[in-house]
1. For a quick check of your reading: which strands (runs of 3 or more DSSP E) sit entirely within the range 1-76 and have at least 2 residues that are open to solvent by less than 70 Å² (accessible area, probe 1.4 Å) and not hydrophobic (A, V, I, L, M, F, W, C)?
2. Quick check on the range 79-96. Is at least one of its residues away from the ligand (no atom under 16 Å from the Cβ), surrounded by 14 or more Cβ atoms within 10 Å (Cβ to Cβ) and part of a strand (DSSP E or B)?
3. Just to be sure I understand, how many residues within the range 28-62 are over 21 Å from residue 5 (Cα atoms) and among the hydrophobic types (A, V, I, L, M, F, W, C)?
4. Can you find a residue that is touching a residue at least 40 places away in the same chain (Cβ under 8 Å) and more than 11 Å from the chain's Cα centre (by Cα) anywhere in the range 34-45?
5. Filter the range 46-74 down to residues that are over 17 Å from residue 14 (Cβ atoms) and either free of Cβ contacts under 8 Å to residues at least 12 places away in the same chain or in contact with a Phe, Trp or Tyr (Cβ under 6 Å, 6 or more places away or on another chain) (or both), then give me how many there are.
Amino acid sequence: MLINTLLNNIVRFKSFVYDSIIIMMVEGVEASVIDIKPRINSQPICLECGKRVRAMTDNPQRLFEYQPIWSFKCDLRYAPRRVRCPTHGIKIEALP
Ligand SMILES: [Zn+2]
């Protein structure tokens, strides 16, 4: 079983897909870092109003701490997209 299949069975993010997994040091601890990317043609959601809006650019990648997998520290790495909402202007997309 591939680790991506396992992750999809544990938690599936509708608008995102798991990309690659690497082992690296995070805050002095060895951790598995899972890269996440948006699905092709997925539209981000405005953080303020929850409506689907147009994506602009990507921000720098960030690490989001996730539940340990088999007692192994796990982080999700993702570059949140900037969005242009007609009502609220430029915001960061909402994340699950
Ligand atoms: Zn909005």
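The values are calculated or read from the model by the stated rules, or taken from the named source; none is laboratory data. All of these numbers come straight from a predicted model, not from anything done at the bench. So basically every Cβ, Gly included, is an ideal-geometry build from the backbone, and we count neighbours across all protein chains shown. All accessible areas refer to the heavy atoms of the entire protein, side chains included, with ligands and DNA or RNA removed. Shrake-Rupley method; radii C 1.70, N 1.55, O 1.52, S 1.80 Å.
1. Qualifying strands (runs of 3 or more DSSP E): 16-26, 29-38.
2. No, the range 79-96 contains no residue that is away from the ligand (no atom under 16 Å from the Cβ), surrounded by 14 or more Cβ atoms within 10 Å (Cβ to Cβ) and part of a strand (DSSP E or B).
3. Residues in the range 28-62 being over 21 Å from residue 5 (Cα atoms) and among the hydrophobic types (A, V, I, L, M, F, W, C): 8 in total.
4. Yes, because at least one residue in the range 34-45 is touching a residue at least 40 places away in the same chain (Cβ under 8 Å) and more than 11 Å from the chain's Cα centre (by Cα).
5. Residues in the range 46-74 being over 17 Å from residue 14 (Cβ atoms) and either free of Cβ contacts under 8 Å to residues at least 12 places away in the same chain or in contact with a Phe, Trp or Tyr (Cβ under 6 Å, 6 or more places away or on another chain) (or both): 6 in total.
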